[in-house]
Amino acid sequence: MTLMDKIKETAAFLQDKGISAPEFGLILGSGLGELAEEVENAIVVDYAEIPNWGQSTVVGHAGKLVYGDLAGRKVLALQGRFHFYEGNPMEVVTFPVRVMKALGATGIIVTNAAGGIEFGPGSLMLISDHINMTGQNPLIGENLEEFGPRFPDMSDAYTAAYRAQARKVAADLNLELQEGVYLGVTGPTYETPAEIRAYKTMGASAVGMSTVPEVIVAAHSGMKVLGISAITNFAAGFQAELNHEEVVEVTERIKENFKSFVKATLAEL
């Protein structure tokens with residue numbers, strides 16, 4: 001079965017479940033999946049039920065697809081994403097974005113937990129651009145002409161108009177919002193202090209193990225993108241040690257601000 005066949009099969013399965021014409025896709029990172037529980041008139045599908053779908057194995061990722069109304073918009077939310085470091089091929093990592101597009105979504109909000117290089121724990125950072133240090137690209141292989149061109153432009157991968165709206169919403173909420181460049185690595189190891197020094201020199205504001213593949217595929221598909229990082233720890237060399245428990249603990253602390261911000265922004269996009 002070709003990738004296009006899989007996309008069509010999965011989209012048809014979800015349509016049969018009553019999922020149709022979402023305006024926005026939401027990809028919710030570590031500890032941030034609670035937002036999906038605020039979706040009204042929800043249709044919830046366990047990942048295990050969905051054909052051609054991956055499985056999320058990371059603590060803080062629920063593994064459910066939630067469709068319904070949030071802030072007055074029709075959304076399709078992923079409670080937990082698939083990571084390359086879990087052993088998933090890039091096709092699986094980015095497959096939900098393809099399906100969102102096939103179902104009719106025109107915009108996507110991508111969130112993650114990230115290590116701060118320029119900003120400290122507890123910050124929310126609007127992603128203005130990214131640096132792909134994964135050594136991978138999800139578009140390698142046959143191009144899906146139905147979605148986009150062989151050589152897509154990444155100049156405005158993180159849609160400028162969406163960022164402007166998000167900054168306005170943050171000001172209205174009196175919420176401090178940083179903005180910077182997200183650098184994506186494969187993980188699962190946290191970075192070495194030397195790597196972080198190198199990334200800082202390259203212009204990275206935060207570093208994480210997701211987001212970049214999904215955004216590349218979204219941009220290829222002509223989707224508008226808003227990216228938000230929850231800075232959960234300082235990157236290597238800026239604090240004594242790094243662990244996933246701290247990531248989950250800090251997201252717990254900032255999740256109310258995060259949820260309010262995403263909902264208010266979604267209402268305005």
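For this structure, a couple of remarks:
- P51 satisfies every condition listed in (1) within 19 Å of the chain's Cα centre (by Cα); (2) not in a helix (DSSP H, G or I); (3) not β-branched (V, I, T) except (1).
- Qualifying position, being more than 22 Å from G208 (Cα to Cα) and open to solvent by less than 10 Å² (accessible area, probe 1.4 Å), among V110, V99: V99
- Test: residue in region 120-129 that is over 15 Å from the mean Cα position of the chain (by Cα), modelled with pLDDT of 95 or more and on the phi < 0 side of the Ramachandran plot: no
- Check on A161, out of contact with any helix residue (DSSP H, G or I) (no Cβ under 7 Å at 6 or more places or on another chain), in contact (Cβ under 8 Å) with a residue 12 or more places away in the chain and hydrophobic (A, V, I, L, M, F, W, C): yes
- Residues satisfying the stated conditions in region 126-153, i.e. open to solvent by 50 Å² or more (accessible area, probe 1.4 Å), under 18 Å from V185 (Cα atoms) and in contact (Cβ under 8 Å) with a residue 60 or more places away in the chain: N132, M133, Q136, N137
- Selection over region 11-37 of residues that are modelled with pLDDT of 95 or more and either part of a helix (DSSP H, G or I) or touching a Phe, Trp or Tyr at 6+ places or on another chain (Cβ under 9 Å) (or both) gives a count of 10.
- Within region 163-183, restricting attention to residues that are among the aliphatic types (A, V, I, L, M) and touching a His at 6+ places or on another chain (Cβ under 9 Å), the residue that is surrounded by the fewest Cβ atoms within 10 Å (Cβ to Cβ) is V181.
- V169 of a type in the set (V, I, T), over 18 Å from H220 (Cβ atoms), in contact (Cβ under 8 Å) with a residue 40 or more places away in the chain and touching a helix residue (DSSP H, G or I) at 6+ places or on another chain (Cβ under 6 Å): yes
- Single unsatisfied condition, A42 versus (1) aliphatic (A, V, I, L, M); (2) assigned to a strand (DSSP E or B); (3) crowded, with 18+ Cβ neighbours inside 10 Å: (3)
- Any hit, region 215-233, residues being under 20 Å from the mean Cα position of the chain (by Cα), more than 27 Å from V75 (Cα to Cα), at pLDDT below 95 and surrounded by 15 or more Cβ atoms within 10 Å (Cβ to Cβ): yes
- Neighbours by Cβ (under 7 Å, 6+ apart or cross-chain): first from region 3-23, under 19 Å from V66 (Cβ atoms) and open to solvent by 10 Å² or more (accessible area, probe 1.4 Å); second modelled with pLDDT of 95 or more and in a loop (DSSP other than H, G, I, E, B): F13/I50; F13/P51; A21/G104; E23/A105; E23/T106
- Residues in region 60-96 that are in a strand (DSSP E or B) and open to solvent by 30 Å² or more (accessible area, probe 1.4 Å): K64, D69, R73, K74.
The values are calculated or read from the model by the stated rules, or taken from the named source; none is laboratory data. Just so you know, these numbers come straight off a predicted model, no measurement behind them. Cβ: placed from backbone, ideal geometry, glycine included. Neighbour counts: every protein chain shown. All accessible areas refer to the heavy atoms of the entire protein, side chains included, with ligands and DNA or RNA removed. Shrake-Rupley method; radii C 1.70, N 1.55, O 1.52, S 1.80 Å.
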